[in-house]
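Contents: one structure, followed by commentary.
The values are calculated or read from the model by the stated rules, or taken from the named source; none is laboratory data. Bear in mind the structure is a predicted one, so any value in this text is a computation, not a measurement. Reconstructed Cβ throughout: ideal geometry from the backbone, glycine too, with neighbour counts over all protein chains shown.
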Amino acid sequence: MHIKADESVLVIIDIQERLSKVMNQNYLERVCSHIHLLVELADELSIPIILTEQYPQGLGPTIQPIQKILEGKKHTRIEKTAFGCCDDLLFNKKLKALKRKKIILVGMETHVCVYLTSLGLISQEYFPFVAADGVLSRTLENHKNGLELIRQTKAVVAPTETFLFQLMVRCATPTFKKISALLKEKNLIPPCS
């Protein structure tokens, strides 16, 4: 499935303090790096960003690295108690108001909130795109199982870079130069640079 900037929304799911403490910290850092790339691109291409927090009274706020990435960027923060974002009325209302059908998902946990959100989006006739390296679970097994479940919903599962380059369309643009510099900073060398 093809994804275009003017049809897309970026949803960052539940990357919160207490839950992040039980994650593999090296992998969490990599996930935050991929989210950083998507947030910068979303900002450049006017893709709306929704940040969700699952019961912040219990799981704490969004972790500082993600808050820092979002600093100065237009985004909507939604507190929820439902595991799947689509089971939250405020989330559904915001998404419907944006009038965009292609939803890029990142966050945690892959096998619970991300999977249930993907399932909910499909049932509401949206098209989920899950960045495989932008989601994580407490265990590698749960992460892999979650990605497999998500694939079974017919969502598109691909690396962050696949979505970056598909959304940018071409190189030799100011947006490409900015994202390319970030990729190099993270020791990833993009094609066409």
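Just give me the residues in segment 164-184 being part of a helix (DSSP H, G or I) and of a type in the set (D, E, K, R), in sequence order.
177, 178, 184
Identify the residue in segment 138-162 that is within 19 Å of residue 30 (Cβ to Cβ) and either touching a Ser or Thr at 6+ places or on another chain (Cβ under 8 Å) or among the hydroxyl-bearing types (Ser, Thr, Tyr) (or both) and, among all such residues, is surrounded by the fewest Cβ atoms within 10 Å (Cβ to Cβ).
Across segment 138-162, the extreme among qualifying residues is 139.
Can we say residue 129 is aromatic (Phe, Trp, Tyr) and over 15 Å from the mean Cα position of the chain (by Cα)?
no
Quickly run through segment 83-105 and pick out the residues that are among the small types (Gly, Ala, Ser) and under 18 Å from the mean Cα position of the chain (by Cα).
Within segment 83-105, just 84 meets the criteria.
For the list (1) closer than 22 Å to residue 42 by Cα; (2) surrounded by fewer than 16 Cβ atoms within 10 Å (Cβ to Cβ); (3) in contact with a Gly (Cβ under 7 Å, 6 or more places away or on another chain), I need the number of the one condition that residue 135 fails.
Condition (2) is where residue 135 drops out.
Out of all the residues in segment 27-46, is one or more hydroxyl-bearing (Ser, Thr, Tyr), at pLDDT below 95 and in contact with a Leu (Cβ under 7 Å, 6 or more places away or on another chain)?
yes
Residue by residue through segment 22-77, note down the ones that are surrounded by fewer than 18 Cβ atoms within 10 Å (Cβ to Cβ), in contact with a Lys or Arg (Cβ under 6 Å, 6 or more places away or on another chain) and in a helix (DSSP H, G or I).
Correct list: 59 only.
Can you pull out every residue in segment 84-131 that is basic (Lys, Arg) and on the phi > 0 side of the Ramachandran plot?
Once the filter is applied, which keeps residues that are basic (Lys, Arg) and on the phi > 0 side of the Ramachandran plot, segment 84-131 yields only 99.
Could you grab me the full set of residues in segment 85-115 that are of a type outside the set (Asp, Glu) and either at pLDDT below 95 or farther than 24 Å from residue 37 by Cα (or both)?
Selection gives 86, 89, 90, 92, 93, 96, 97.
Name the pairs whose Cβ atoms lie under 6 Å apart, with the first residue in segment 59-73 and within 17 Å of residue 31 (Cα to Cα), the second of a type in the set (Val, Ile, Thr) and assigned to a helix (DSSP H, G or I), and 6 or more positions between them or separate chains?
Partner pairs satisfying both residue conditions: 69/39.
Residue check: is residue 156 of a type outside the set (D, E, K, R), touching a helix residue (DSSP H, G or I) at 6+ places or on another chain (Cβ under 9 Å) and on the phi > 0 side of the Ramachandran plot?
For residue 156, the condition - of a type outside the set (D, E, K, R), touching a helix residue (DSSP H, G or I) at 6+ places or on another chain (Cβ under 9 Å) and on the phi > 0 side of the Ramachandran plot - is not met.
Return only the number of the condition from (1) touching a Gly at 6+ places or on another chain (Cβ under 9 Å); (2) on the phi > 0 side of the Ramachandran plot that residue 46 does not satisfy.
With respect to (1) touching a Gly at 6+ places or on another chain (Cβ under 9 Å); (2) on the phi > 0 side of the Ramachandran plot, residue 46 is out only on (1).
Residues in segment 59-73 that are farther than 21 Å from residue 129 by Cα and either in contact with a strand residue (DSSP E or B) (Cβ under 7 Å, 6 or more places away or on another chain) or of a type in the set (D, E, K, R) (or both): how many?
Residues that pass the stated criteria total 8.
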